[in-house]
Amino acid sequence: MNWRNLFLSKRGEKVKKVCDLSKGQYDIWVQSLLDPKNSCYNVPMLYKATGSIEINQLQSSVQQTLNSIEIFKTEIFKTSEGSVRQRINNDKMISVDVINSKLSLEDLTAQIAEVESKKPFILEKDLLVRASIYKLQDDNILLFINVSHIIFDGLSINLLFNEIIKNYTK
């Protein structure tokens with residue numbers, strides 16, 4: 001399914017189209033109800049950058065990328081009849097926090113792995129993507145993105161980061 005084209009009208013205007021969940025998405029939604037603290041359907045990604053990285057430019061390129069890909073603005077909701085549906089809400093804006101950290105690279109990486117990557121998504125409430133940039137004192141930068149598997153899979157990781165790099169280098 002081509003998600004970019006699914007939500008475009010004949011004139012190329014974005015529309016809010018409501019769709020059923022796929023069988024796999026429905027299974028993830030049911031599992032989130034049965035075990036709301038479970039983070040097994042998170043897709044955490046952590047990248048380290050060194051050298052002369054412009055933080056504001058990186059923040060802008062990540063935000064631009066996440067906000068330009070409609071699937072990241074997916075909302076999961078229950079209808080008045082009780083069925084579960086999804087739609088793209090282009091009114092939502094995804095922000096990227098910049099966090100100055102005094103932790104060492106090893107300690108911060110462990111904290112992200114143990115805490116941030118394990119925060120579950122509340123599928124009917126949360127944005128289904130989270131992103132943060134961590135600036136360490138030794139000029140290392142960590143970019144952390146966590147996406148719910150209900151809208152994203154491992155095959156899409158390289159596509160996402162290629163788009164971020166393209167936007168950063170423009």
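The values are calculated or read from the model by the stated rules, or taken from the named source; none is laboratory data. Note that the coordinates shown come from a computational prediction; the quantities given were computed from them, not determined experimentally. Here Cβ is always computed from backbone atoms with ideal geometry, including for glycine, and neighbour counts include all displayed protein chains. Note: areas computed on protein heavy atoms with side chains; ligands, DNA, RNA excluded. Shrake-Rupley method; radii C 1.70, N 1.55, O 1.52, S 1.80 Å.
One line per residue, one yes/no per condition, for (1) modelled with pLDDT of 95 or more; (2) out of contact with any helix residue (DSSP H, G or I) (no Cβ under 6 Å at 6 or more places or on another chain):
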site	(1), (2)
Val62	yes, no
Ala110	yes, yes
Ile122	yes, yes
Ile157	no, yes
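Is it fair to say Lys92 is within 14 Å of the chain's Cα centre (by Cα), open to solvent by 20 Å² or more (accessible area, probe 1.4 Å), at pLDDT below 95 and not small (Gly, Ala, Ser)?
Values: within 14 Å of the chain's Cα centre (by Cα): yes; open to solvent by 20 Å² or more (accessible area, probe 1.4 Å): yes; at pLDDT below 95: yes; not small (Gly, Ala, Ser): yes.
Against the criterion (within 14 Å of the chain's Cα centre (by Cα), open to solvent by 20 Å² or more (accessible area, probe 1.4 Å), at pLDDT below 95 and not small (Gly, Ala, Ser)), Lys92 qualifies.
When you look at Ser117, is it loosely packed, with under 12 Cβ neighbours inside 10 Å, out of contact with any His (no Cβ under 6 Å at 6 or more places or on another chain) and within 23 Å of Pro36 (Cα to Cα), yes or no? Step through it out loud before you land on a result.
Values: loosely packed, with under 12 Cβ neighbours inside 10 Å: no; out of contact with any His (no Cβ under 6 Å at 6 or more places or on another chain): yes; within 23 Å of Pro36 (Cα to Cα): yes.
When the stated conditions are applied, Ser117 does not pass them.
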* Within the range 130-163, can you find the residues that are more than 20 Å from Lys118 (Cα to Cα) and either crowded, with 21+ Cβ neighbours inside 10 Å or among the charged types (D, E, K, R) (or both)? -> Lys135, Asp138, Asp139, Glu163
* Asked: Is it the case that Glu70 is in contact with a strand residue (DSSP E or B) (Cβ under 8 Å, 6 or more places away or on another chain) and either open to solvent by less than 50 Å² (accessible area, probe 1.4 Å) or within 30 Å of Val18 (Cβ to Cβ) (or both)?
  -> yes
